[in-house]
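The values are calculated or read from the model by the stated rules, or taken from the named source; none is laboratory data. Treat the numbers as computed from the prediction; the structure is a model and nothing was measured. Quick reminder, even Gly has a Cβ in these numbers, built from the backbone with ideal geometry, and neighbours come from all protein chains shown.
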Amino acid sequence: MIQNDPDNPVLDEQPDTTEVVASAGEPVDEIEKNGDEIPPASESITEDIATDSVDVPEVIQAEESLLKTEKTIANDVSSEENEADNSLPPVDYSGYSKKELSETLALLVENRYPAEIKDDIDSIKGLFYKKLKQESDARKAEFLAGGGKIEEYRPWIDPEEAPFKLLLEKYRDKKTDHSKILDAEKNENLKKKYEIIDKIKDLVNKEESINKTFQDFKSLQNEWYNIGVVPQSALKNMWENYHHSVEFFYSYIKINKELRDLDLKKNQELKTGLCEKTEALSSDPNPLNAFRILQEYHDQWREIGPAPMETKDILWERFKEATSKINKKHHEYFENQKEDQKKNLDSKIALCIEAEKINSVETTSLKDFDANAEKIIELQKKWRTVGFAPKKQNTKVYQRFRETCDAFFEKRRQFYADNKDTQMKNLQIKTDLCIKAEALQESSDWKSTSDAFIKLQKEWKEVGPTPKKYSERCWKRFRKACDRFFDRKTSFFGNLDNSYEDNLRSKLEIIEDIEKLSSENNVQAAVGKIKELQKKWNETGFVPFDKKEEVANRYRNAIDSQFDRLKIGDEAKNIMKYKTKLDSLKTNPQVSRKIRSERDKFITQIKQLESEVVILENNISFFAKSVKAESMIRSVEEKIKNAKNLIKTLEGKVRIIDQSGLDE
């Protein structure tokens with residue numbers, strides 16, 4: 001390594017800390033590691049190849065030094081894939097269940113490069129089949145202990161084994177495909193580099209100015225440097241060919257002093273520009289962003305050729321001074337982070353104490369268990385918002401929190417298992433409700449029967465859980481009776497079309513008024529006019545049943561068209577459109593049932609999106625630090641952003657439903 005060399009700037013490195021989160025509803029696994037995302041700008045590069053007295057042999061010798069250096073860099077890059085994952089500490093999967101092992105395997109196979117997860121795959125596979133064998137042996141022993149004969153025993157087939165094998169097969173296929181792709185890319189790069197060697201050889205046969213020929217040569221060199229890694233077996237022979245071609249070119253061209261001076265002056269201008277940009281970068285309020293951009297500037301500095309001797313040291317000192325200021329801010333940032341980590345530790349200890357307090361309460365009812373489970377889940381969500389604690393305590397405090405949460409959920413699971421008698425009583429109560437609903441489903445007393453069904457539905461909600469084996473079947477029976485009555489009610493009122501002709505004409509006039517609205521500069525006034533017409537629409541009664549959907553669609557399209565022309569944000573626009581949809585549903589006799597169903601769908605979708613965001617944020621930290629990984633990380637971050645925006649929109653729709661009272 002060349003110290004204090006103008007063409008070898010050295011940057012400070014600062015370890016970073018990354019927290020990995022698990023799926024929603026479970027404690028979060030946190031893994032600390034030293035960040036190596038920003039490489040230090042400290043690899044040695046060639047010294048300046050420029051003085052007034054340099055001759056062609058010295059230029060060739062300097063070029064040879066550059067080639068040797070780049071050969072070393074190429075070798076380092078070729079081994080990057082094998083070393084990229086070494087910074088991650090091994091994960092202990094011994095405490096995972098078979099289901100958790102299978103889910104973890106699916107995540108790894110789906111989101112990580114095959115080369116990065118070999119050890120994880122081997123560990124998960126070994127633990128899975130070890131647990132499988134233990135369960136099989138236990139079943140066999142139980143069979144024999146119960147008086148069974150060994151020759152009558154039939155091996156147990158675990159249903160979780162088949163999908164687990166499919167995941168392993170998928171991993172092997174991805175590993176094979178990944179290797180083929182890498183080999184194909186390396187061979188293609190080798191082909192391109194030999195094509196450049198041939199072009200350099202052809203330069204000496206061109207009949208054009210020395211300046212033009214030299215510029216062509218420089219372009220070919222830049223193209224050479226930008227090509228990726230090649231097969232290791234072809235590396236030595238390729239570099240020897242390239243070296244020989246460059247030597248032959250310099251010997252033939254014999255670069256004159258005037259052209260060298262022009263190149264030196266251009267390099268001086270480029271390095272001066274880098275100094276100015278680096279000095280401006282020191283005022284960036286974000287030290288991490290400034291440090292990242294500084295790496296790029298140092299890469300550019302190394303790629304620029306030498307400057308004139310009289311300005312070389314001056315430029316370097318200027319660049320080094322600006323670099324030192326940024327490094328100092330970067331170092332101070334991580335020093336300040338230590339204080340934040342201490343506060344985070346206090347917050348996490350407080351969450352542990354709160355979880356332990358909940359777990360210590362003697363719970364005797366399903367309702368209380370469910371309420372406490374919500375509190376534990378809420379604590380887990382808060383845990384995910386807290387940053388890293390100091391490295392020495394981070395794993396311990398997480399282990400404490402997770403063990404407490406696991407103990408609570410295990411206690412609740414055991415309580416459910418011991419509560420079968422209560423669940424059977426609940427099943428009988430719900431069966432009685434089904435019988436009552438079926439007795440009312442053919443009634444034509446719409447008002448009183450509707451009230452009776454609503455009462456039955458409320459009673460259903462108040463009944464506790466039933467055995468899982470019968471739960472779905474019982475619910476479908478109850479819902480079928482409810483739907484039968486409300487469908488009959490809808491059909492009855494839908495046949496009263498003859499009395500709704502006036503309403504139809506009124507609503508068509510309202511639609512025409514909406515369609516005739518002109519684009520106004522005052523958005524607030526335009527929205528007010530639309531709301532006025534919406535109110536008028538809601539106050540108008542039913543229309544003939546066969547025109548109902550057509551008129552409603554035309555109304556929604558007219559409203560949506562007006563909203564699309566207004567210059568308001570997409571989120572606000574979506575909310576306003578959805579409010580229009582709810583207003584149009586107020587005339588539907590089954591509105592409560594439909595809105596409840598839609599609200600439940602939104603809540604489920606929000607939870608799924610929150611879970612996906614957690615998983616995506618978790619997966620980012622597993623990506624290798626490479627050019628390809630950066631592209632994947634940007635793609636995942638875009639998905640996270642879109643998911644969060646959709647969550648906000650869905651939450652807004654839920655609020656509108658709650659405020660409207662239509663789901664009651």
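Computed values, structure above
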| quantity | calculated |
| --- | --- |
| Residues satisfying the stated conditions in the range 332-375, i.e. exposed (fewer than 15 other Cβ atoms within 10 Å of the Cβ) and either outside any helix (DSSP H, G or I) or touching an Asp or Glu at 6+ places or on another chain (Cβ under 6 Å) (or both) | VAL361, GLU362, THR364, SER365 |
| Residue check, GLU403 within 21 Å of ASN618 (Cα to Cα), outside the structural domain of GLY464 (by TED's automatic domain parsing), in a helix (DSSP H, G or I) and within 30 Å of the chain's Cα centre (by Cα) | yes |
| Pairs, first small (Gly, Ala, Ser) in the range 530-554, second surrounded by 15 or more Cβ atoms within 10 Å (Cβ to Cβ) and not in a helix (DSSP H, G or I), C-beta under 9 Å, six or more apart | GLY541/THR587; ALA552/VAL543; ALA552/THR587 |
| Those residues of the range 143-161 which are assigned to a helix (DSSP H, G or I) and surrounded by 10 or more Cβ atoms within 10 Å (Cβ to Cβ), in sequence order | PHE143, LEU144, GLU161 |
| Long-range neighbours under 7 Å by Cβ, at least six apart or interchain, first residue free of Cβ contacts under 8 Å to residues at least 40 places away in the same chain and under 15 Å from ALA389 (Cβ atoms) within the range 331-354, second surrounded by 15 or more Cβ atoms within 10 Å (Cβ to Cβ) and not charged (D, E, K, R) | SER347/VAL386 |
| Single unsatisfied condition, THR466 versus (1) loosely packed, with under 12 Cβ neighbours inside 10 Å; (2) part of a loop (DSSP other than H, G, I, E, B) | (1) |
| Residue match in the range 310-319 (condition: under 30 Å from TRP383 (Cβ atoms), touching a residue at least 12 places away in the same chain (Cβ under 8 Å) and basic (Lys, Arg)) | no |
| Every residue from the range 459-495 that is of a type in the set (Ser, Thr, Tyr) and out of contact with any helix residue (DSSP H, G or I) (no Cβ under 7 Å at 6 or more places or on another chain) | SER471, THR490, SER491 |
